[in-house]
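J.: Just passing along the structure, written as structure tokens.
The numbers here are math on the coordinates, done by the rules we state, and not lab data. Quick caveat: nothing in here was measured; it's all calculated off a predicted structure. No Cβ is skipped: glycine too gets one built from the backbone with ideal geometry, and neighbour counts run over all protein chains shown.
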Amino acid sequence: MSQKAKDSEELFSFKCPACSKGNVNIQKTVYDLPDKDKMLIIKFDCDECNFSKNDIIPLTTNFDPGIITLKILNEEDLKSKIYRSPTGKLEIPELELSVQPGPNAEFYYTNVEGILYRFESAVSIYKNNLEKDDPEFEEVNQILEDIKKALNGKLKFTLILTDNGGGSYIIPIDKSNYSFEKLESKELD
């Protein structure tokens, strides 16, 4: 953590919603990223149980509602940064995977590789709850194999981030693989 980030830390606390015994300490830090963006990082930790949660909120990015498309053509493209707000729908059509917006959706700031690891984890959990003779078992196995290929830069795919609230964005490694279509207010209704 940079000295600037450490200097901006603030601490707060409240009773833990998980165990009702401990105090949840809230640490709020404004962090300067190397690309000149600023992020607000909020960390919640209970001093009694294992309750822990993090939120990351961008502070310096333009927020326009729109459809952001990024073509992932090689391993280097996996380093492109992704910020998904709770109002953003993220999808990878070639892998038949998506994350829907909703009231319990979380902010997250990662890269394309991180998104693939999240999908891999979710699909693995789903697979572990299937019986081996389930008709979906082989299809889910194929999705996991395709995710592994994508993680190794061996599968080209498209990442689409649609955000009617305008809080999501992508910082591409290769700008020629990126497009943004602004949604007008009439399209949002």
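J.: Please find the FRET efficiency linking Ile57 to Asp174, where r is the Cβ-Cβ separation and R0 is fixed at 25 Å, and quote it to the nearest 0.05.
T.: For R0 = 25 Å, the calculated efficiency reads 0.40.
J.: Quick check on the chain: helices-only [θ] at 222 nm, where DSSP H runs of length 4 and up contribute -39,500 (n - 2.57) each and the sum goes over total residues. Nearest 500, please.
T.: -6500 deg cm²/dmol
J.: Turning to a different aspect of this structure: Taking the Cβ of Leu130 as the centre, find all other residues whose Cβ is under 13 Å away and add up their charges (Lys, Arg: +1; Asp, Glu: -1).
T.: That works out to -4.
J.: Looking at the square roots a ≥ b ≥ c of the eigenvalues of the Cα gyration tensor of the range 70-164, which shape do they give, rounded for a/c under 1.5, prolate if a/b is larger than b/c, or oblate?
T.: Note, shape of the range 70-164 comes out oblate.
J.: Rounded if a/c is under 1.5, else prolate if a/b beats b/c, else oblate: with a ≥ b ≥ c from the C-alpha gyration tensor eigenvalues square-rooted, which is the range 128-186?
T.: Because a/c hits 1.5 or more and a/b fails to exceed b/c, the range 128-186 counts as oblate.
J.: May I pose another question? Going by the alpha-carbon gyration tensor, a ≥ b ≥ c the square roots of its eigenvalues, is the chain rounded (a/c under 1.5) or, if a/c is not under 1.5, prolate (a/b greater than b/c) versus oblate?
T.: oblate
J.: In nm, to one decimal, how far is the modelled label at Lys182 from the one at Glu138, with both set 7 Å along Cα→Cβ?
T.: Each label point is offset 7 Å from its Cα along the Cβ direction, giving 4.9 nm.
J.: Now, a different point. So for the range 66-188, averaging the separation of alpha carbon pairs under 8 Å that are six or more residues apart and normalising by length, what relative contact order in percent results?
T.: Over the range 66-188, the number comes to 50 percent.
J.: If the reach is capped at under 17 angstrom between alpha carbons, list the lysines near Lys89, excluding any in the same chain fewer than eight residues apart.
T.: Lys71, Lys81, Lys182
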